[in-house]
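Quick notes on the structure that follows.
The values are calculated or read from the model by the stated rules, or taken from the named source; none is laboratory data. In this text the structure is predicted, and so the values were computed from the model without any measurement. Counting neighbours? That spans all protein chains shown, and the Cβs are built from the backbone with ideal geometry, glycine included.
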Amino acid sequence: MGREPWRSVRRLGRGRLLLLGARRVVEQQIEIYDAGVMLAYDRHHVEDDFGMLSQVCLDPDEWKPFEIDIHTYQREVDGQPYNRRS
């Protein structure tokens with residue numbers, strides 16, 4: 001898939017990246033932009049015209065300062081991701 005649509009995603013403003021992982025592997029990835037757009041990726045939706053699930057191995061020590069609990073994660077990702085609308 002092409003990456004040209006990333007130009008339109010960049011216009012959404014700054015974004016936050018939320019990762020849910022196990023054993024150093026990203027299992028779910030949510031991107032929430034200032035414009036209110038949310039993009040979501042997981043093993044069932046790995047890639048689309050806007051981006052893809054991270055393939056980078058997570059270093060737990062590097063990400064520890066940014067860790068949130070599962071309840072905060074679920075609250076943040078509540079809603080319908082833009083890239084999953086029918």
Q. For residues in the stretch 69-86 being at pLDDT 85 or above and assigned to a loop (DSSP other than H, G, I, E, B), which is surrounded by the most Cβ atoms within 10 Å (Cβ to Cβ)?
A. Pro81
Q | Looking only at the stretch 48-68, and only at residues there that are over 26 Å from Arg85 (Cβ atoms) and among the aliphatic types (A, V, I, L, M), the one that is modelled with the highest pLDDT | A | Val56
